[in-house]
1. What residue among Ile150, Ile355, Ile204 has the largest mean-square fluctuation in a Gaussian network model of the chain, using Cα springs under 10 Å?
2. For the range 227-336, what are Rg and Dmax over the alpha carbons, in angstrom?
3. Under a 10 Å cutoff between Cα atoms, tell me which one of Ala272, Ala28, Ala111 has the largest fluctuation in the Gaussian network model of the chain.
4. Can you list the HN-Hα couplings for the range 159-174, worked out from phi with the Karplus curve (6.51, -1.76, 1.60; θ = phi - 60°), rounded to whole Hz and with x for Gly and Pro?
5. To the nearest 500 deg cm²/dmol, what mean residue ellipticity at 222 nm is calculated for the chain from DSSP H runs of n ≥ 4 alone, each contributing -39,500 (n - 2.57), summed and divided by the residues?
6. Gaussian network model of the chain, Cα springs within a sub-10 Å range: biggest mean-square fluctuation belongs to which of Leu107, Leu186, Leu261?
7. Can you give me the Kirkwood hydrodynamic radius for the range 2-424, using every pair of distinct Cα atoms, in Å to one decimal?
8. How many percent of the alpha carbon pairs in the range 38-189 exceed a separation of 18 Å?
Amino acid sequence: MSLIIFLVTLGATLATGVPVAFALIICAVTMGFALDMFDPQIITQRLIVGANNFSLLAIPFFLLAGELMNAGGMSKRIIAFAMAFVGHLRGGLGVVAIFAAIILASLSGSAAADTAALISILLPMMRQSGHDEARSVGLMASGGIIAPIIPPSIAYIIFGVATNLSISQLFMAGIVPGAMMGLSALAVWIFLARREDVAPMPRIAWPERRAAVRAALWSLGLPAIILGGIRFGVVTPTEAAVIAAVYALFVGIFIHRELKLSDLFTVFRNAALTTSVVMLLAAAALATSWFISIADLSGIVLDLVAPLVDHPKILLLAIMALVLVIGTMLDMGPTILILAPVLLPVVEQAGINPIYFGVIFVINTAIGLVTPPVGIVLSVASGVSGVPMHKVAKGSLPFLAAQVGVLILLVLVPQLVLWPLEWLK
């Protein structure tokens, strides 16, 4: 009965246009009544406890770091660096987009920010070269969703907080799958680019390549600092987020000298606005998850899927199909916060590694960012490029299919995640 009440309340509130955070608070209230333990003080207390989490402090700092990188010129130097080395290849601008997306993903962890940076810089050149506009934007949108998969990732932070798993291990486990997602989109682009009558760009001379490396050196140093610090236990993910923000501020002001003091208000305001949305959502979801635990919804779900527990791969495929469908209707954060606490005990009962499950779950929700009707990355890509959303969605389909193929491969071959994780640990 509790599961039905939760699903009906959530579905009804979302269908009537209630914002997700408030829909989750309403779910907490209705479940409190259903469990005969409703008390406004409990709801308030759980909201405060949900937001009062040290690990969540990484979110505002990584968001701030991303804003500072874009405003301080780090993002465009990464793209220029990729352009210098792979821009001359067949379909070179698309190759640049994917390589730059992988590098940017290791800097900011924000799919929307990376997509906007890629499109604003590369799309004019791709239009001028004669590439199909919708396909080009679709490629960069598909490249943008690598950001939540490769660390530092806000999605892993949210998943770790919601499930009490190690965020550091989630970070390490996401490196190889994130690269696979990018390379799958790259392979499709190269195949399609061979069918276009677009002349490749001229090869960049080595003196200019060396200049591009020097210009991007400070930007390329940040992933090494973040991942190296976490890998060797020097810093926690939260401390790494603070270092990333301070580093980006220093480089933007004193090294690249593109970030002015007058820009800081806008940068901090943008980061604060995004943070407030994410933190309210996290607080509401964690309040609801407390009632989910009291009602033992995980146990109810486990009873429903009991026949699949002895068949882990079939269970995972079923869960991934469910999450893929839900991801078309909900954004990444709500999907993680609502489903992860319910599903994790189920997959643990089936003997599935929880860190591995966290990685493929996040990959699944990242794919949802480029699926209509909600797909936030589709909205960003359409807004920045001026291409209608339905054309962007159509242009991203070949790359989306390849990335879904990677997800299925990771479900069928868990060692692709687990073996690199063991080495990186």
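Read-outs: derived from the displayed coordinates by stated rules, not from any lab. These numbers were taken from a predicted model, which means no experiment stands behind them. Because the Cβ atoms are built from the backbone with ideal geometry, glycine has one as well, and the counts that use them run over all protein chains shown.
1. Fluctuation is largest for Ile204.
2. 21.0, 61
3. Ala272
4. Listing the rounded values in order: 4, x, 5, 5, 10, 6, 9, 5, 5, 4, 5, 4, 4, 5, 6, x Hz.
5. Counting only the DSSP helices, I get -25000 deg cm²/dmol.
6. Highest fluctuation among the options: Leu261.
7. 22.0 Å
8. 60 percent
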